[in-house]
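Provided herewith is a single structure, encoded as structure tokens, for subsequent inquiry.
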Amino acid sequence: MADQQEQFKVAIVGGGLSGLAVAVHLETLGIDWFILESYKEIAPELGASIGLAPNGMQILDQLGVYDQVASQSGTASSVAAFDGDGNKLYDFELLPRMRANHGFDLRFTERRTVLQVLHEKIQAKDKIHVGQRVDKIGHVGDKVQLTTREGSSFTADIVIGADGIHSPVRGEMWRIAAEDGSKVFGDNPGADVATDYGCTFGISEPTNGIKEGVIRQVHKKDTAIGFITGRNDVVYWFHFFKLPQRHMGLDFPRFTEEDEAKFITPDLDRLMDTGTTFGDIYKRKRVSIITPLPNHGFPRWHYRRIMCVGDAVCKSQPIAGQGGCSALESSVALVDTLYAALKANDMKPLSNDQVEAVFTKTTQVRSKRSASVVGEGLLYMKLASWSNTILRLIDSYLVALVPKNTLVDLMFAGAAGGYHSNTLPEPVPKYVLGSGEAVVKA
Ligand SMILES: Cc1cc2nc3c(=O)[nH]c(=O)nc-3n(C[C@H](O)[C@H](O)[C@H](O)COP(=O)(O)OP(=O)(O)OC[C@H]3O[C@@H](n4cnc5c(N)ncnc54)[C@H](O)[C@@H]3O)c2cc1C
């Protein structure tokens, strides 16, 4: 085994879903790590919710936090979609099929709840440095040095950029490659990132007695509105809109409160469920945020001793509810691959070539599925917002003819075939595969 001095250390930039999942996994396997997070706290109140599909829930189970997340989240049980005039397009029950197929539910909660649970799971809280915004990374021999805007400096063997869509780590990775004269990222990385949609999302107090587990959507030209009721009937809602014109590149458009009002006001009278309009829900909002929704999977995730995961390299449309679940898959895949390499190296620090092999293998394991999550999310967004006549006709007439179980499989395709860790305990289904009956604990 490696002694203390030659222990391999992982710098994780970002204490969001990806970063915390990496940290819990590394800690479980006894690999040294630290997190640098720019916010002053882990899990700040940002008003975001998250749907955890079975592929995400099974990883949370492996990370040892299933019960904590399940007890603080609601189960999605039924879906109905309406057109802009309040006519029902289709509806279906979700629960029996989901449970029988996957052994896990689709659960909803606030994103910060999941972050808090992961944070609580971490033993070595002193390895989490908040209020540290990484702005420079450099390779020094076989190590990587990170400096923060606050003036601190940290050293590690590798850097994991779990720092979201704006990803300064990704920017540093590109800068270093360009300075090395490398063309692996192309001439102008990021220029091809397209943003066609935006979204206002929010959380509202229980509205009109709508109970936990309900997913409702309104589909119309260039707009999709949706809500999900979570635990204690709290309403998590979304108003997706098409931008007046496509935006290219990483300097994403910024929106104001006036923009939010401009996009939302025409839809306040849309009927979302019997007796409930979008305006009824919006009036009871606790918090709302408007944001652009870039859609992109970066083809290359690593350079030298730096690798990015999560939204930093794979940003999908949230309507399909897979961005965070996919980030969890990539996070554990990276740690699995790293652990295998370290184990084969007697847990001693890895050479440049060994690191390169870990990162390349991780990309191979994850790139195909990540790309399909991005593609399927965009297709779902286009279908729900009737982006052309064919999709409008399919959504208005054909979807209702599809057998309901097949609909569940199609609309939640991302839940199937997810990566799960080979270095953590196997996920334990909570429902019997095939029947969907609850597993009775011995
Ligand atoms: C409206 C909406 C709804 C969504 N719904 C779902 C859903 O239902 N299901 C689902 O699976 N996914 C959903 N997602 C996607 C999901 O939220 C993201 O994919 C996931 O949160 C990404 O996690 P991450 O850790 O990669 O990035 P982030 O959550 O963005 O975390 C990045 C972290 O890095 C920190 N950071 C950034 N820069 C620096 C720096 N320089 N130094 C230090 N720290 C830094 C940030 O402060 C942040 O804490 C949704 C997204 C949106 C926008």
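The values are calculated or read from the model by the stated rules, or taken from the named source; none is laboratory data. Worth saying up front: this structure is predicted, and the values here are computed from it rather than measured. Note that we place each Cβ from the backbone using ideal geometry, even for glycine, and neighbour counts take in every protein chain shown.
More than 11 Å from the ligand (Cβ to nearest atom), over 30 Å from residue 168 (Cβ atoms), in contact with an Asp or Glu (Cβ under 9 Å, 6 or more places away or on another chain) and among the polar types (S, T, N, Q): which single residue out of 68, 123 fits that description?
68
Just one of (1) out of contact with any Pro (no Cβ under 6 Å at 6 or more places or on another chain); (2) more than 7 Å from the ligand (Cβ to nearest atom); (3) over 24 Å from residue 238 (Cβ atoms) trips up residue 8, so point out which.
Evaluating residue 8 over (1) out of contact with any Pro (no Cβ under 6 Å at 6 or more places or on another chain); (2) more than 7 Å from the ligand (Cβ to nearest atom); (3) over 24 Å from residue 238 (Cβ atoms) leaves (1) as the failure.
Related question: Let me spell it out: the conditions are (1) in a strand (DSSP E or B); (2) touching a helix residue (DSSP H, G or I) at 6+ places or on another chain (Cβ under 7 Å); (3) closer than 23 Å to residue 18 by Cα, and residue 185 meets all of them except one. Which number is the exception?
The failed condition is (1).
What's the number of the only condition in (1) more than 13 Å from the ligand (Cβ to nearest atom); (2) modelled with pLDDT of 95 or more that residue 15 fails to meet?
(1)
Looking at the structure I just gave you, is residue 150 in contact with a helix residue (DSSP H, G or I) (Cβ under 6 Å, 6 or more places away or on another chain) and either in a loop (DSSP other than H, G, I, E, B) or within 10 Å of the ligand (Cβ to nearest atom) (or both)?
no
Another question, then. If I filter the stretch 41-54 for residues that are touching a Cys at 6+ places or on another chain (Cβ under 7 Å), of a type outside the set (Asp, Glu), at pLDDT 95 or above and under 21 Å from residue 416 (Cα atoms), do I get at least one hit?
Yes, because at least one residue in the stretch 41-54 is touching a Cys at 6+ places or on another chain (Cβ under 7 Å), of a type outside the set (Asp, Glu), at pLDDT 95 or above and under 21 Å from residue 416 (Cα atoms).
I'm told residue 75 meets every condition in (1) out of contact with any strand residue (DSSP E or B) (no Cβ under 7 Å at 6 or more places or on another chain); (2) more than 10 Å from the ligand (Cβ to nearest atom); (3) among the polar types (S, T, N, Q) except one. Can you identify the failing condition by its number?
For residue 75, the exception is condition (1).
Could you grab me the full set of residues in the stretch 38-64 that are farther than 25 Å from residue 132 by Cα, near the ligand (Cβ under 8 Å from one of its atoms) and part of a loop (DSSP other than H, G, I, E, B)?
Correct list: 53 only.
Yes or no: the stretch 209-225 includes at least one residue that is touching a helix residue (DSSP H, G or I) at 6+ places or on another chain (Cβ under 7 Å), without any contact (Cβ under 8 Å) to a residue 60 or more places away in the chain and more than 19 Å from residue 77 (Cβ to Cβ).
Taking every residue of the stretch 209-225 in turn, at least one turns out to be touching a helix residue (DSSP H, G or I) at 6+ places or on another chain (Cβ under 7 Å), without any contact (Cβ under 8 Å) to a residue 60 or more places away in the chain and more than 19 Å from residue 77 (Cβ to Cβ).
In addition: Looking only at the stretch 283-313, how many residues end up being more than 25 Å from residue 236 (Cβ to Cβ) and either more than 14 Å from the ligand (Cβ to nearest atom) or of a type in the set (Ser, Thr, Tyr) (or both)?
6
For the stretch 253-282, enumerate the residues that are within 16 Å of the ligand (Cβ to nearest atom), over 30 Å from residue 369 (Cβ atoms) and assigned to a loop (DSSP other than H, G, I, E, B).
The answer is 254, 255.
I'm trying to understand the selection: among the residues of the stretch 331-355, which are over 19 Å from residue 12 (Cβ atoms) and in contact with a Phe, Trp or Tyr (Cβ under 9 Å, 6 or more places away or on another chain)?
Once the filter is applied, which keeps residues that are over 19 Å from residue 12 (Cβ atoms) and in contact with a Phe, Trp or Tyr (Cβ under 9 Å, 6 or more places away or on another chain), the stretch 331-355 yields 345, 348.
Okay, residues lined up against (1) crowded, with 23+ Cβ neighbours inside 10 Å; (2) in contact with a Lys or Arg (Cβ under 8 Å, 6 or more places away or on another chain); (3) within 25 Å of residue 233 (Cβ to Cβ); (4) among the polar types (S, T, N, Q):
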{"position": "69", "(1), (2), (3), (4)": "no, yes, yes, no"}
{"position": "80", "(1), (2), (3), (4)": "no, yes, yes, no"}
{"position": "85", "(1), (2), (3), (4)": "no, no, no, no"}
{"position": "94", "(1), (2), (3), (4)": "no, no, yes, no"}
{"position": "116", "(1), (2), (3), (4)": "no, no, yes, yes"}
{"position": "130", "(1), (2), (3), (4)": "no, yes, no, no"}
{"position": "135", "(1), (2), (3), (4)": "no, yes, no, no"}
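If I filter the stretch 334-347 for residues that are touching a strand residue (DSSP E or B) at 6+ places or on another chain (Cβ under 7 Å) and at negative phi, do I get at least one hit?
The answer is yes, given that some residue of the stretch 334-347 is touching a strand residue (DSSP E or B) at 6+ places or on another chain (Cβ under 7 Å) and at negative phi.
Only one residue in 342, 433, 378 is over 30 Å from residue 242 (Cα atoms) and buried (at least 20 other Cβ atoms within 10 Å of the Cβ), so which one is that?
Residue meeting the stated conditions: 342.
Can I ask one more? Return the total of residues in the stretch 83-115 being among the polar types (S, T, N, Q), under 22 Å from residue 429 (Cβ atoms) and either within 11 Å of the ligand (Cβ to nearest atom) or assigned to a loop (DSSP other than H, G, I, E, B) (or both). Write out each step before concluding.
Within the stretch 83-115, the first condition is being among the polar types (S, T, N, Q), and the residues that meet it are 87, 101, 109, 113.
This time we only want the ones that are under 22 Å from residue 429 (Cβ atoms), so: 101, 109.
Okay, now just the ones that are also either within 11 Å of the ligand (Cβ to nearest atom) or assigned to a loop (DSSP other than H, G, I, E, B) (or both), so 109.
Within the stretch 83-115, residues that are among the polar types (S, T, N, Q), under 22 Å from residue 429 (Cβ atoms) and either within 11 Å of the ligand (Cβ to nearest atom) or assigned to a loop (DSSP other than H, G, I, E, B) (or both) number 1.
Got a number for residues in the stretch 27-37 being in a helix (DSSP H, G or I) and within 12 Å of the ligand (Cβ to nearest atom)?
Summing the residues that are in a helix (DSSP H, G or I) and within 12 Å of the ligand (Cβ to nearest atom) in the stretch 27-37 gives 0.
Let me ask something additional. Of all the residues that make up the stretch 314-355, how many are within 16 Å of the ligand (Cβ to nearest atom) and under 17 Å from residue 158 (Cα atoms)? Outline the logic, then answer.
Within the stretch 314-355, the subset within 16 Å of the ligand (Cβ to nearest atom) is 314-335.
From what's left, under 17 Å from residue 158 (Cα atoms): 330-335.
Residues that pass the stated criteria total 6.
Please identify the pairs in which a residue from the stretch 109-134 that is of a type in the set (S, T, N, Q) has its Cβ atom under 6 Å from the Cβ atom of a residue that is buried (at least 19 other Cβ atoms within 10 Å of the Cβ) and in a loop (DSSP other than H, G, I, E, B), counting only partners at least 6 apart or on another chain.
Going by the 6 Å Cβ cut-off, the qualifying pairs are 109/73; 109/230; 116/43.
Taking into account only those residues within the stretch 359-373 that are of a type in the set (A, V, I, L, M) and surrounded by fewer than 21 Cβ atoms within 10 Å (Cβ to Cβ), which is nearest to residue 242 (Cα to Cα)?
Taking the candidates together, the pick is 371.
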